[in-house]
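Reviewing the structure listed below.
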Amino acid sequence: MHQLPYVAPPRARGALRIAARAKGGTSRLSLLRQEGALRALFPRRAGVVEAVTLNTSGGATGGDSLAIEAEAGPGAHLRLTTQAAERAYLSSGGPAAEIRNRLTVAPGARLDWLPQETILYEGCDLDRRLTLDLAPGARALIVEPVIFGRAAMGERLRDARFRDRIEIRRDGMPLYLDAQRFSGDVTAHLARPAVASGAGAMAGLIFAAPEAEAHLTPIRAALPATAGASLRAPDLLVLRLLAEDGFALRAALLPVLDRLTDGTLPASWRL
């Protein structure tokens, strides 16, 4: 019997470009380009361009490539979130799923990057990078929540790969760099006291703004014992949060996000 040659399954590709500008005392969408699996919805929100992104492929697996470029022009306020949690599925082998996000914030502008959780499935292979370029006087709020396996289903990550890198520059100079790498038995690695002491979820948050220092004490008072916040510079607040699961993570994270968004957190975070 003649054997047909192996053909690799088609992989998801998605690219999204969004820009906002200030006009007439408010922020308006000035650029939107959507390709492949990435789309954006725009709920009406006074004073800010709010984009809710969605991945129509349903998640990310080996060989997928997703990229977002977002820019807040001078004086504009751009906010990005997701319709639901992103999912990193079992990889079929070959190259990792790649997610590349590049954010740019002009003088006097603000950009909020507020995706919901990324859920890592057993066997996933995800390589994610975020680059943020801030002009002098620009503001940004960045959060990246991650859930390690579906706890309600008893899932444990015994063979998974996750690489994550966040790089922030202010006026071309390095301001913040954070890189993480998990490979193999991720659950066992997280169980180590010096790593996560058994936590099943985590989040990193960065707030770059002249008023960052004023938020430090109230935020510290609201955090659980498994979280910590500090100032890396007078205008740079950094927070790391560990939690037992996604429910506990969100319960601890929501008050902080509410404070840093003046109670205007996207509605998708409330669902």
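Only the coordinates and a few stated rules stand behind these numbers; no lab work does. Keep in mind it's a predicted model, so treat the numbers as computed, not measured. For neighbour counting, all protein chains shown are included, and Cβ atoms are generated from backbone atoms with ideal geometry for every residue, glycine included.
Could you list, in sequence order, all residues of segment 81-118 that are acidic (Asp, Glu) and surrounded by fewer than 20 Cβ atoms within 10 Å (Cβ to Cβ)?
GLU98, the sole residue that qualifies.
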- Note: among LEU265, LEU239, just one is surrounded by 14 or more Cβ atoms within 10 Å (Cβ to Cβ), in contact (Cβ under 8 Å) with a residue 60 or more places away in the chain and either under 20 Å from LEU80 (Cβ atoms) or of a type in the set (Val, Ile, Thr) (or both), namely LEU265
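For every residue, the table says whether it meets (1) under 25 Å from GLY123 (Cα atoms); (2) under 16 Å from the mean Cα position of the chain (by Cα); (3) of a type in the set (Phe, Trp, Tyr).
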site	(1), (2), (3)
ARG11	yes, no, no
ALA37	yes, no, no
ALA72	no, no, no
LEU78	no, yes, no
ASN101	yes, yes, no
- Note on the structure: Filtering segment 31-50 down to residues that are buried (at least 16 other Cβ atoms within 10 Å of the Cβ), among the small types (Gly, Ala, Ser) and farther than 13 Å from GLU69 by Cβ yields GLY36, ALA37
- Note on the structure: The residue from GLY149, GLY137 that alone is of a type in the set (Gly, Ala, Ser) and surrounded by fewer than 20 Cβ atoms within 10 Å (Cβ to Cβ) is GLY137
- Note on the structure: Heads up, the strands (runs of 3 or more DSSP E) in segment 144-228 (entirely inside) with at least 2 residues that are farther than 24 Å from ASP262 by Cα and among the polar types (S, T, N, Q) are 173-184
